[in-house]
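Report on the following structure.
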Amino acid sequence: MASLDDQKRALRAEVRTRLAKPGSPELAATSARAQERLAATALQTGGTASAGAALEAAGRQVCYPAVVPGMRALQFRRTSGAFAAGALGVEEPAGAPVPLEAIELLVVPAIAVDASGRRLGRGKGHYDATLLAYKGPSVALVFDSQLVPEVPVGEHDRRVGAVCTELRWIAVP
């Protein structure tokens with residue numbers, strides 16, 4: 001039987017073959033639909049670019065993740081519109097830090113996710129560490145093509161409380 005790391009690596013590769021090409025009109029349209037569903041649901045119950053804009057327009061404060069060298073859990077920051085390349089080369093906000101307990105909904109990315117809220121990230125463990133420390137509601141924002149029957153998990157992997165795609169919202173029991 002394949003090791004957990006091998007199973008995760010194979011699932012990442014499989015799911016990536018299903019995704020629309022970066023920059024394609026299909027990817028942009030699907031992404032917009034998923035973010036609109038997230039924003040609508042978040043507003044009802046109380047991001048990413050368009051979801052963040054919709055939430056901000058509705059009076060909600062939005063913060064974005066940042067990797068702090070030496071820390072496993074992510075730090076979240078408000079943005080004043082300024083982003084800069086962070087520790088992993090990903091654009092991060094330059095604003096003031098926001099304590100985890102002040103976040104009403106944690107939106108988490110994933111390569112793959114199942115209906116039980118088990119998610120497969122990129123393998124660095126930052127979101128798992130953050131989910132361990134975070135006590136509020138969480139949702140994985142993915143495309144429907146990233147839903148799989150089961151995600152292999154280890155002892156450090158953490159679940160999300162819901163899954164949002166361009167087609168559906170799945171509340172995790």
How many nm is it between the label spots at residue 101 and residue 32, if each spot is 7 Å from the Cα in line with the beta carbon? 4.1
How charged is the neighbourhood of residue 140? Take every other residue with its Cβ under 14 Å from the Cβ of residue 140, and add Lys/Arg as +1 and Asp/Glu as -1. +2
Quick one: putting +1 on the C-beta of Lys and Arg, -1 on the C-beta of Asp and Glu, what dipole do you get for the chain around its Cα centre, in Debye to the nearest 20? 80
Could you tell me which residue out of 107, 130, 153 lies farthest along the dipole of region 50-173 toward its positive end? Charges go on the beta carbon: Lys and Arg +1, Asp and Glu -1, centred on the Cα centre. 130
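Restrict the search to region 104-173; then list the GluC sites (Glu not before Pro) that DSSP places in a loop and that have at most 13 other Cβ atoms within 10 Å of their Cβ. Intermediate values should be presented prior to the final figure.
Details: sites: 104, 150, 155, 166; in loops: 104, 150, 155, 166.
Passing both the DSSP loop test and the Cβ count: 104, 150, 155.
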So for the pair residue 91, residue 19, with labels modelled 7 Å out along Cα→Cβ, what separation do we get in nm? 1.6
Residue separation times 0.36 nm, minus the C-alpha to C-alpha distance between residue 144 and residue 122: what's the value? 6.1 nm
Residue 169-residue 10 FRET efficiency (beta carbon distance; Förster radius 25 Å; 0.05 resolution): 0.35
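Contact order normalised by length for region 75-121, with contacts defined as Cα pairs under 8 Å and 6 or more residues apart; what percent is it? The partial results should precede the final answer.
Values: 55 pairs, mean separation 13.7, N = 47.
Computed over region 75-121, the figure is 29 percent.
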Length added when fully stretched, residue 155-residue 71, from 0.36 nm per residue minus Cα-Cα: 28.3 nm
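Express as a percent, rounded to the nearest 5, the fraction of DSSP beta bridges in the chain (both residues included) that run antiparallel.
Working: 15 of 22 bridges.
Antiparallel bridges: around 70 percent, rounded to the nearest 5.
What trypsin sites (Lys or Arg not before Pro) does region 101-173 have in DSSP loop regions with at most 16 other beta carbons within 10 Å?
Numbers: sites: 118, 119, 122, 124, 135, 158, 159, 168; in loops: 122, 124, 135, 158, 168.
Qualifying residues, ordered by number: 122, 124, 135, 168.
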Whole-Hz Karplus couplings 3J(HN,Hα) for region 157-164, θ = phi - 60° and coefficients 6.51, -1.76, 1.60, Gly and Pro as x, run 6, 10, 8, 9, x, 7, 10, 10
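FYI, it's all coordinate maths here, none of it is from the lab. It should be emphasised that the depicted structure is a prediction, and the values quoted were computed from it without experimental measurement. Because the Cβ atoms are built from the backbone with ideal geometry, glycine has one as well, and the counts that use them run over all protein chains shown.
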